[in-house]
């Protein structure tokens, strides 16, 4: 009988510990601004794709443009020489697979 009670207590303790670990793991997945680890990886990949697309553009070059992504929204910032470059950068970014929206915060140099 004592063995049965001890086994029951041990099983209950392990069950509680297992739940706590799972809850801790789920909280650990939430990173910077409520993104899961998977979303953060997706955003890094998307950022790289947009940078590559801007680098591959044959019309303009964007050496001073920075790219950041958050949950599929891409933010462009930095500087360009002409208004056409700013518009073109947003157009290029919008055409990258996975981009949901583009915030174009690029400043045109005077």
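Just a few scattered comments:
- The residues in the range 54-75 that are more than 20 Å from the chain's Cα centre (by Cα) and either not assigned by TED's automatic domain parsing to the domain that holds residue 43 or not in a helix (DSSP H, G or I) (or both) can be counted, and the count is 8.
- Of all residues in the range 76-105, those satisfying the criterion of being under 19 Å from residue 45 (Cβ atoms) and in a loop (DSSP other than H, G, I, E, B) are 95, 96, 97, 98, 99, 100.
- Taking (1) under 27 Å from residue 39 (Cα atoms); (2) exposed (fewer than 14 other Cβ atoms within 10 Å of the Cβ) in turn, residue 74 satisfies each apart from (2).
- Among the residues making up the range 37-60, a single one is in contact with a helix residue (DSSP H, G or I) (Cβ under 8 Å, 6 or more places away or on another chain), over 18 Å from residue 98 (Cβ atoms) and surrounded by fewer than 14 Cβ atoms within 10 Å (Cβ to Cβ): 59.
The values are calculated or read from the model by the stated rules, or taken from the named source; none is laboratory data. Only a predicted model underlies this, so the values are computations on that prediction, with no experimental measurement involved. Heads up, the Cβs are rebuilt from the backbone with ideal geometry, glycines too, and the neighbour counts pull from every protein chain shown.
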